[in-house]
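Asker: Questions regarding the structure given below will be posed in turn.
The values are calculated or read from the model by the stated rules, or taken from the named source; none is laboratory data. Owing to the predicted nature of the structure, the values given are computational and were not obtained by experimental measurement. FYI the Cβ positions are ideal-geometry reconstructions off the backbone, even for glycines, and counts take in every protein chain you see. Quick note on the areas: whole protein, heavy atoms, side chains included, nothing else; ligands and nucleic acids left out. Shrake-Rupley method; radii C 1.70, N 1.55, O 1.52, S 1.80 Å.
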Amino acid sequence: MDRLIEAIAETQNPSVVGLDPTEALVPAQVVASFADEVRESVESEEELPAAQLAVAYFEFNRTIIDAVAGIVPAVKPQIAMYEALGPAGVDVYAMTCEYARERGLYVLADAKRGDIGSTAAAYARMLTGVGEHDPWNIDAITVNPYLGTDGITPFVDAAAQTDKDLFVLVRTSNPSSSELQMLDLADGTKVYEHVGDLVEGWGAETIGKYGYSRVGAVVGATHPEEGKALRKRMPHTFFLVPGYGAQGGTAADVRGMFDADGSGAIVNSSRGIIGAWRKSGKYSDTMSASEALELVGETAQAAAIDMRDNLRAVL
Ligand SMILES: O=c1ccn([C@@H]2O[C@H](COP(=O)(O)O)[C@@H](O)[C@H]2O)c(=O)[nH]1
């Protein structure tokens with residue numbers, strides 16, 4: 001986690017931009033502008049929509065990355081958006097991570113992996129790569145703890161081997177999260193608190209120079225009180241805090257998830273940044289693709305600065 005903490009210190013900005021493109025979040029003229037180019041490369045007409053979207057996602061991501069590099073320390077590409085497009089989307093995921101790294105950003109792959117040990121070991125190769133080849137270019141990955149310790153250990157080992165990190169789901173931001181996470185255990189602790197204790201233990205051997213381990217926790221901005229209690233309960237665990245912006249979380253809500261020095265957490269916003277163009281009042285469907293992309297970049301940059309300043313104001 002040391003590299004992430006240093007990147008946050010350099011930008012004075014504990015926020016991460018989520019790269020979660022969808023068909024609705026990429027201006028239509030940008031997608032349309034790739035029709036001819038992509039038609040030449042696909043084998044059948046049916047492949048065209050996914051292939052065209054994939055190319056458009058990359059151009060869109062590149063615009064966002066260029067706009068926010070130097071302002072934010074990190075990006076979090078959500079793999080679901082890319083896998084939905086098939087192999088073309090997965091290629092663009094890898095290309096996006098590589099480009100973000102080239103622009104100096106810490107890349108947090110939101111992939112929420114989790115399986116039995118042997119399969120988790122294969123998933124953990126997203127961190128280690130294959131031999132000398134690192135096809136994914138990521139610095140951290142999100143992991144689902146539902147399978148317990150043997151589903152997590154391969155990621156902890158891979159992270160330690162490569163100076164990378166993982167973030168384990170503890171208290172997620174979604175409305176139904178309480179169905180499982182808020183259940184009481186026999187000793188009176190809640191399920192999410194127990195998972196928090198496990199996460200603190202999984203990271204215990206990997207504490208870095210700033211007091212945080214390689215094993216972080218995902219704690220939703222939509223649960224300010226629980227987040228604040230977890231901050232005390234998990235003193236060596238760095239938090240990834242999604243749920244800011246589009247899901248309703250505010251800077252005041254996430255304040256308690258930081259430590260007394262204003263460190264210990266990084267807050268994510270995806271749609272609030274990459275979809276800012278739609279709320280700007282400046283978009284018109286008569287714009288050219290390049291004009292639309294320019295607006296995407298400008299509005300994403302303004303939204304990232306606004307988020308940074310809102311977080312700075314409460315820290
Ligand atoms: O508890 C969680 C865990 C992960 N996420 C992910 O973060 C982003 C949030 O996107 P917004 O557009 O800022 O709402 C998305 O990739 C989720 O899968 C989360 O929201 N909550």
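Asker: Being away from the ligand (no atom under 16 Å from the Cβ), touching a helix residue (DSSP H, G or I) at 6+ places or on another chain (Cβ under 6 Å) and either over 22 Å from Ala300 (Cβ atoms) or not in a loop (DSSP other than H, G, I, E, B) (or both) narrows it down to one residue among Ala122, Ala54; which is it?
Answerer: The conditions single out Ala54.
Asker: Right, here's the next one. Quickly run through the stretch 62-83 and pick out the residues that are within 18 Å of Met126 (Cβ to Cβ) and not acidic (Asp, Glu).
Answerer: Ala74, Val75, Lys76, Pro77, Gln78, Ile79, Ala80, Met81, Tyr82
Asker: If you go through the stretch 245-266 one residue at a time, how many are closer than 29 Å to Ala204 by Cβ and assigned to a loop (DSSP other than H, G, I, E, B)?
Answerer: Final tally of qualifying residues: 7.
Asker: Would you mind finding the one in Val42, Val75, Val90, Val130 that is among the β-branched types (Val, Ile, Thr) and within 16 Å of the ligand (Cβ to nearest atom)?
Answerer: Selected residue: Val75, the only one of Val42, Val75, Val90, Val130 that is among the β-branched types (Val, Ile, Thr) and within 16 Å of the ligand (Cβ to nearest atom).
Asker: Being touching a Pro at 6+ places or on another chain (Cβ under 6 Å), open to solvent by less than 10 Å² (accessible area, probe 1.4 Å) and over 20 Å from Ala221 (Cβ atoms) is the filter here, so list the residues in the stretch 6-26 that pass it.
Answerer: None; the set is empty.
Asker: Look at the stretch 109-136 and say how many of its residues are open to solvent by 20 Å² or more (accessible area, probe 1.4 Å) and within 16 Å of the chain's Cα centre (by Cα).
Answerer: 3
Asker: Right, another one. Since Gln161 meets every condition but one in (1) outside any loop (DSSP other than H, G, I, E, B); (2) surrounded by 15 or more Cβ atoms within 10 Å (Cβ to Cβ); (3) not hydrophobic (A, V, I, L, M, F, W, C), which condition does it not meet?
Answerer: Single failed check for Gln161: (2).
Asker: Which one is nearest to Ala300 (Cα to Cα) among residues in the stretch 249-266 that are within 16 Å of the ligand (Cβ to nearest atom) and open to solvent by 20 Å² or more (accessible area, probe 1.4 Å)?
Answerer: Thr250
Asker: Can you tell me which of Ser284, Ser280, Ser269, Ser288 is hydroxyl-bearing (Ser, Thr, Tyr), under 30 Å from Trp202 (Cα atoms), open to solvent by less than 70 Å² (accessible area, probe 1.4 Å) and at pLDDT 95 or above?
Answerer: Answer to the check: Ser269.
Asker: Additional query: Could you list, in sequence order, the residues of the stretch 233-244 that are in a loop (DSSP other than H, G, I, E, B) and either open to solvent by 40 Å² or more (accessible area, probe 1.4 Å) or more than 6 Å from the ligand (Cβ to nearest atom) (or both)?
Answerer: Hits for the stretch 233-244 are Met234, Pro235, His236, Thr237, Phe238.
Asker: Hey, another quick one. Considering the stretch 137-155 alone, what residues qualify as being buried (at least 21 other Cβ atoms within 10 Å of the Cβ) and either within 16 Å of the ligand (Cβ to nearest atom) or within 18 Å of the chain's Cα centre (by Cα) (or both)?
Answerer: Selection gives Ile138, Asp139, Ala140, Ile141, Thr142, Val143, Phe155.
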